[in-house]
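Okay, structure first, notes after.
The values are calculated or read from the model by the stated rules, or taken from the named source; none is laboratory data. Treat the numbers as computed from the prediction; the structure is a model and nothing was measured. Here the Cβ positions follow ideal geometry from the backbone for every residue, glycine too, while neighbour counts run over all protein chains shown.
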Amino acid sequence: MATDLTLTDSVGAWVIKHPATSRVFEQHGIDYCCGGGRLLEEACWSGQVDAQSVLDELQEVVSRGAEEHDPDDSFSTKSLTEMCDAIVATHHAYLKEELPRLTQVVDKVESVHGDQHEWLHRLAASFQQLRDELMPHMFKEEQILFPAIRTIEQSREVPAFPFGSVDNPIRMMEHEHDVAGQALKDIRATSSDFTVPPDGCNTFRAMLDGLRELEADLHRHIHKENNVLFPRASKLAEELNRVPAKGANVQ
């Protein structure tokens, strides 16, 4: 399998067309969710990695056809309603289960090891900020934005929403994604890329493994919303707004 994508295509475009390439971006610390709009060449330059080497790795993943085994491979082919449902059933469900568990683990490790490793206090603060951002964020998506997107798609009309254009809550969600993305970066930096210290116990290791998995899932989660769901929902609303409402007189 070949690809027509190059260094002048966006990072997000690579992951949309070939989901398995997200692993390459993860390995090189390249942001493909909040930063998915950047060109691949620009993202590599910003991350101080060799663009040609990254391109070679991406092309190798595509040629192997690894994306055929990726559970996210079919996401971009779903309807908007199916996308909303899939995000709630997978990523939201994961966060609602994992955030309380990680809260207990982070609190325990900070309490036991915080005197020996002062950076744990910074990590705990960043994690708390992330958790406190995500819980109301999910509620707003499930109760406000996603129902609006489903309504637009299923009715093929854009109602007069209390919040105005659907772009308004989309912009708010994207801003909150940026805040969450920065918290993730702080957690990774504070923990030295999730490195377990020599005296780290099994709970210490479990905490860092859990935070690494949380980061990976959130990257996929935010990518799906920022680079696939939101642009398509916004485009559909714009197209429908140009169509005369049912029953309207057309001169």
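Report yes if residue 90 is in contact with a helix residue (DSSP H, G or I) (Cβ under 6 Å, 6 or more places away or on another chain), surrounded by 15 or more Cβ atoms within 10 Å (Cβ to Cβ) and hydroxyl-bearing (Ser, Thr, Tyr), otherwise no. So residue 90 does not fit the description; no.
All told, residue 110 meets the bar of being closer than 30 Å to residue 191 by Cβ, in the same structural domain as residue 204 (by TED's automatic domain parsing), assigned to a helix (DSSP H, G or I) and in contact with a Leu (Cβ under 6 Å, 6 or more places away or on another chain). Only residues that are among the basic types (Lys, Arg) and farther than 15 Å from residue 220 by Cβ were counted across the range 18-44, and they come to 1. I'd like to check something: does the range 157-167 contain any residue that is surrounded by 16 or more Cβ atoms within 10 Å (Cβ to Cβ), under 28 Å from residue 10 (Cα atoms) and in contact with a His (Cβ under 6 Å, 6 or more places away or on another chain)? No.
When the range 140-170 is examined, which residues are found to be touching a Phe, Trp or Tyr at 6+ places or on another chain (Cβ under 7 Å) and within 15 Å of residue 241 (Cα to Cα)? Residue satisfying the conditions is 148 alone. The requirement of being farther than 23 Å from residue 116 by Cα and in contact with a Leu (Cβ under 6 Å, 6 or more places away or on another chain) is fulfilled nowhere in the range 203-210; no residue meets it.
Residues of the range 50-68 include none that is under 16 Å from the mean Cα position of the chain (by Cα), of a type in the set (D, E, K, R), under 20 Å from residue 223 (Cα atoms) and not in a loop (DSSP other than H, G, I, E, B). Can we say residue 103 is among the hydroxyl-bearing types (Ser, Thr, Tyr) and closer than 24 Å to residue 230 by Cβ? So residue 103 does not fit the description; no. In the range 77-86 there is at least one residue that is outside any helix (DSSP H, G or I) and modelled with pLDDT of 85 or more.
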